[in-house]
Amino acid sequence: MPEDIDWSEQDAVAENDPPPLYFSSVDVVTDHGVQKLKFTRPRHAEPLSESAATLYSQIEGTAQTIRELVRSKALVASLFQHLAGIGYQGLVGPNPDTASQLTELQRLRVEQVEPHLRKARRVYAAMTVLTLIVTATLAVAGLYALWIYEATILSAAQARFAAPGGVASQSVLSGVDFRAVLSGTAAFLFGVIGFAVAEVVTAFYAAQRASLESYRTNDRFRFWPVERLAFGLALLFLTLVFVAVDWIILGVAGTELKDAVDGKPLLGVIVGIVIGLAFDRIAGLLVTKAKDSVANTG
């Protein structure tokens, strides 16, 4: 049961008094400064009808959404009082007016709650764009730095290692293929750019389609853009590692994306786009492969 709704029971009312049909009362309570609705249900109340269950479910969902979207405490208190009134009229007493209160609840959602949803969607989309523009810019700067490094410092270092009497034999890095490391790093940075592009598209798409229910339940909106970016970059890194060691095989239009870490780092853009468009599926694939590998090793 969501924390906005406190379901409790009371002893049955006196034998001579007809029990309430569904609930005996609906009240607004404050728990540690948080507004909540308390629905009190007698022990011998009748099971909720389909329409009553719909009204109850929508009231509790709306209460949760209000808590998440509305920042004004005074407005939250006012909206909760309105919800309590809808619950009382539609669910309390022997003759609750459920149908009309469903209509009233819908009016409340459209007129007083959805404007806050539209604002939240705009803020989420704007923060996503800002976060990813900064990230993509840093990725481009990283690629430029890699290009300069490869063209100057790396070439000089390799010449020094290869020269007669050089330090390659004593260096712990003597067996490292620096160009392979650079290719993998470049693939990651190109992947960041691809992921940023895909994330902007999917964020706007999700935000435009978000309803009061989906905004509350969709996993995308449970993460602030910076948090989702952190998960996305970690997923991109792990995907490139899994692809490089042949734990998973990813391909698009006949092109194996392993080439991204085998000398064609530009393909990292496609890897990033794939992750941005299929975030949950790729994460699930990596978890499954990791579990299979551990099980086989054990």
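Quick one: how many residues across the stretch 65-101 are open to solvent by less than 40 Å² (accessible area, probe 1.4 Å) and not small (Gly, Ala, Ser)? Total satisfying the criteria: 14. The condition (being in contact with a His (Cβ under 8 Å, 6 or more places away or on another chain), closer than 27 Å to ARG222 by Cα and not in a loop (DSSP other than H, G, I, E, B)) is satisfied by just one residue among LEU75, LEU83, LEU117, LEU108: LEU108.
The values are calculated or read from the model by the stated rules, or taken from the named source; none is laboratory data. Quick caveat, the model's predicted, so the values are computed rather than measured. Backbone-built Cβ (ideal geometry, glycine too); neighbour counts: all protein chains shown. For the accessible areas, the whole protein counts, side chains as well, though only heavy atoms, and no ligand, DNA or RNA atoms are used. Shrake-Rupley method; radii C 1.70, N 1.55, O 1.52, S 1.80 Å.
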